[in-house]
1. I'd like to compare 224-233, 211-220, 349-358: which one has the highest average count of other Cβ atoms within 10 Å, and what's the full order after that?
2. I need the peptides 54-62, 258-266 ranked by packing, meaning the mean over residues of other C-beta atoms within 10 angstrom, with the highest value on top.
3. Kindly put Phe312, Phe330, Phe192, Phe66 in sequence by how many other C-beta atoms sit within 10 Å of each C-beta, fewest to most.
4. Multiply the residue gap between Phe312 and Glu398 by 0.36 nm, knock off their C-alpha separation, and tell me the result in nm, one decimal place.
5. Just to verify a number: FRET efficiency for Arg354 and Glu414, C-beta to C-beta distance, R0 = 45 Å, to 0.05?
6. Which of the peptides 179-187, 431-439 is most tightly packed, and how do the rest follow, judged by the mean count of other Cβ atoms within 10 Å per residue?
7. Please report, in cubic angstrom per residue, the volume enclosed by the convex hull of the alpha-carbon atoms of region 254-305.
Amino acid sequence: MLLLFVIFIVGAVLVGAGAMLAPAWRTAQPRIALSATLALALITGGSVWWAYAFGWDTLVVDYLLFALVTLVVLGGTFSQGQARAEARGETLEDKDQGWPGPADLLFFAGVGGIITVIVYTLTLPLGPIGQQIGYVTVLARLSSQFDSFAPHAPDVAAFYAPGFIALTSYLSKQLLQTVAAVQFGVGGVVAFLFVWLCYDWGSELGGQRMGRTFGAVALLSGGALLTLLTGHYTLLLGMLFALAAGIGALRLRRDPSKQDAVATGLLVGAAIYADLAVGAAALVGLGGYVVWHLGRQRRVVPLLALVGALLFGLGPWLLTLPTRPAPLLFGDEAALGGWLTLPIVYVVGTWLHRAAERLPLPWLHEHRYSLLMAGLLVALVGASTLGLAARAQHTITEDELRALLWLNENLPEETVLQNAAPDDWAGSLCECVVTLPPLPLPAPADPPTIQFMRGAASGEALFQQGDAALIPLE
């Protein structure tokens, strides 16, 4: 139930913000996922910017959320879009305004259901990357800083992409949920937004029919789901911001505007904050766009606005780079599927869209709702089976999981856990320092106080269930 709570709260806030911001963004049709991604980038990037400029404070993130709500409600985003249409003398029918129709909303509801079922049945992602990100987040939450591994190893400097870690550190504290649950839940919401953003990408390229094709390919290719299930949270968030920045660059190429330029610059900065490797790729793409712009366009104001927004967003973080060690990159061979997702969506989606235009199928349009419902039902059953099958691959048992959650709820944050579970979920589940972290770090600064045991406990145990026990050390 904790995962469902996180998914619904975070998902409702972001989708709601995107729906209300979309009319204020000067696009041909409302781009809900693009607006939601910008809202998430503002919150993530703004909190990291403040942390490096003045120090980490969760209250600042509260202020950012309040400012976003104020902008949406008091800024009159719905009325802005209507006022622009009336000023041009336009009167559009509901079906012509570009909002997602019933079939689109049914598809997105199905995507959300598939991701929710997989996340809920799996409970924890597979592989070591989610464990590493979770433990670094716990350390950042305990120490309120992103430049060292305190309190585990306060003298060891750290250099990693702080965006996802800062966001989930804040949410875990405010929602009173474990870091592991919050990160898997937020990852599910990001995967959902990624599929919807691919729909917006296709709509920008060739209208809503192409958007539907891109969205379907993004889901069926499995790249976003694979990235989520293997715990590559930072890669997934970086892909979301980088794709949004790419859509912004596409819009700037057609019609340069200061609004799109500022948004694109902020989104590239957010991609760097989310994942260093994806951010580097986004910077290369941005450099190519700048070269193209200088060769083809005479309007330099949007270009200056883009670069200025990027440098402003990264300013405090860039000043700390000369003192940083080698970067810590959260990735392994399983990340390849995530990197290939965008090329697959573009190539396959474009080919399918062109093929569908040449082979008109009237019966497909006539029975689209029935076919969509049948497809989503099969997908939901398959998602449940996939989640249960993947859960069997976990090395942590239910007893060990309950023991670590008991430690999270009953012992202070200063607790040090010795002999942590071999799969290294202990740090992000009990939210304390562990002696066997999923990172190559030295021993903790403080002596261990709790020992995690398998099998029968020799001595008085703080907690005992099945084959898991927590024993205090003298």
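The numbers here are math on the coordinates, done by the rules we state, and not lab data. Only a predicted model underlies this, so the values are computations on that prediction, with no experimental measurement involved. Ideal geometry is used to build each Cβ from the backbone, glycine not excepted, and the neighbour counts take in all protein chains shown.
1. On the way: 224-233: 26.0, 211-220: 24.2, 349-358: 14.4.
Order by mean packing, descending: 224-233, 211-220, 349-358.
2. Sorting 54-62, 258-266 by mean packing, highest first, produces 258-266, 54-62.
3. Phe66, Phe312, Phe330, Phe192
4. 26.3 nm
5. 0.15
6. The densest-packed peptide leads the list: 179-187, 431-439.
7. Taking the convex hull of the Cα positions in region 254-305, it is 66 Å³ per residue.
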